[in-house]
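What follows draws every value from the coordinates through simple rules; no lab data is involved. Just so it is clear, the structure is predicted and the values come from calculations on it, not from any experiment. Cβ coordinates were reconstructed from backbone atoms using ideal geometry, including for glycine residues, and neighbour counts include every protein chain displayed.
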């Protein structure tokens, strides 16, 4: 059985979706731990209530990104992870940390990458007049929000949408897409050829 460690910074709604899918779908994996850079992250309470180990590595106690990432790596490695899933983890990771988990570190980003990397994705999509928006699950590399794309989900941009309404529609798709993509990784169903990720059994990697 494989160990999954989930990293969060806040409420952890994607982490909740992962925990629930792992339990109800009978994955060959377990959520070994939830780790946060914020001691007040609401998602920690959700994990503790379900008997999942938790840990906190407060970034405010470190003078550099390198120092923080070194301590974070020690904390994560204590749970012997086969997969590390970033679920609203609001820290830019150093190349050394990313390299340590190469091929087993994934993230969900609230845009259709490579469009709108970084922050304020929904605002930028609306300002650009996009007719569709969405979310992307991808392998993490040293280039921010540029790793090989595992799966994407598309939602329409509706007349009168605000950042908040669009964000809510995208987040609902994330809660479906992220557990699905994570299970593919756990089950060794993904093959990476350069920047192209293929599902070995041909399951659709686009959710519309």
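Descriptive notes on the structure:
- Helix 65-77 vs. the chain, principal-axis angle (Cα, 0 to 90°, nearest 10): 70 degrees
- Normalised by the number of residues in segment 1-101, the mean separation of alpha-carbon contacts (under 8 Å, six or more apart) gives a relative contact order of 38 percent.
- Springs join every pair of Cα atoms under 10 Å in this Gaussian network model of the chain, and among 64, 162, 13 the largest mean-square fluctuation is at 64.
- Within the listed set 91, 104, 50, the Gaussian network model of the chain (springs between alpha-carbon atoms below 10 Å) gives the highest mean-square fluctuation for 50.
- Sorted by Cβ density within 10 Å, fewest first, the residues 173, 201, 48: 201, 48, 173
- Highest-fluctuation residue, 42, 181, 133 considered, GNM on the chain with Cα pairs under 10 Å: 42
- Helix 13-24 and the longest principal axis of the C-alpha atoms of the chain enclose an angle of approximately 80°.
- Fewest-first ordering of 182, 207 by other beta carbons within 10 Å of each residue's beta carbon gives 207, 182.
- Estimated purely from DSSP H runs of n ≥ 4, each contributing -39500 (n - 2.57), the mean residue ellipticity at 222 nm for the chain is -10500 deg cm²/dmol once divided by its residues.
- Each Cα pair under 8 Å and six or more residues apart adds its sequence gap; the mean of these over the residue count of the chain is a relative contact order of 19 percent.
- Rounded to 10°, Cα long-axis angle of helix 163-186 versus longest principal axis of the chain: 60 degrees
- Legend: calculated FRET efficiency, residue 162 to residue 199, from the Cβ-Cβ distance at R0 = 30 Å, rounded to 0.05, equals 0.30.
- In terms of its C-alpha gyration tensor, segment 108-208 comes out prolate, because a/c is 1.5 or above and the ratio a/b outweighs b/c.
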